[in-house]
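Heads up, the thing below is written out as structure tokens.
The values are calculated or read from the model by the stated rules, or taken from the named source; none is laboratory data. These figures come from a predicted structure and were not determined experimentally. Using ideal geometry, Cβ is built from the backbone for each residue, glycine included, and neighbour counts are taken over all protein chains shown.
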Amino acid sequence: MSHYQQIAGVFDTPQAAEHARAGLVQAGIDARRIAISSATLDDAIAGENPGHTYENQPGQPRADSAAARYGAAVRSGSCVLTVDTESAGEGRRIGELLREGGAREITSPPH
């Protein structure tokens, strides 16, 4: 299985993300390529400087800051579902399935 890019969808609840995950699996996406992240622990980096998230820490690369919005979504109580894609075409298809599944934002983070 080759890895092309990762597509992420932001959902309001873990239940909504699980529902979307089930739809992806039903559409033929291998469940091992799907991950769901939700807030279970506070951001340890932000704990070093209260009130500041990882992306606001001095010296963070731009790519890390762009990807950090997923962490912000999780910390706000949202849930992020990510899928490893195998091609650009599959990525577009997965993005459509995530939208149909109720994602409020679809993004593909930089590598």
Practice task
Answer with yes or no whether residue 9 is farther than 11 Å from residue 80 by Cα and at pLDDT 50 or above.
Solution key: no
Fill in the blank from the handout: Within the range 24-34, residues being surrounded by fewer than 15 Cβ atoms within 10 Å (Cβ to Cβ) and on the phi < 0 side of the Ramachandran plot number 6
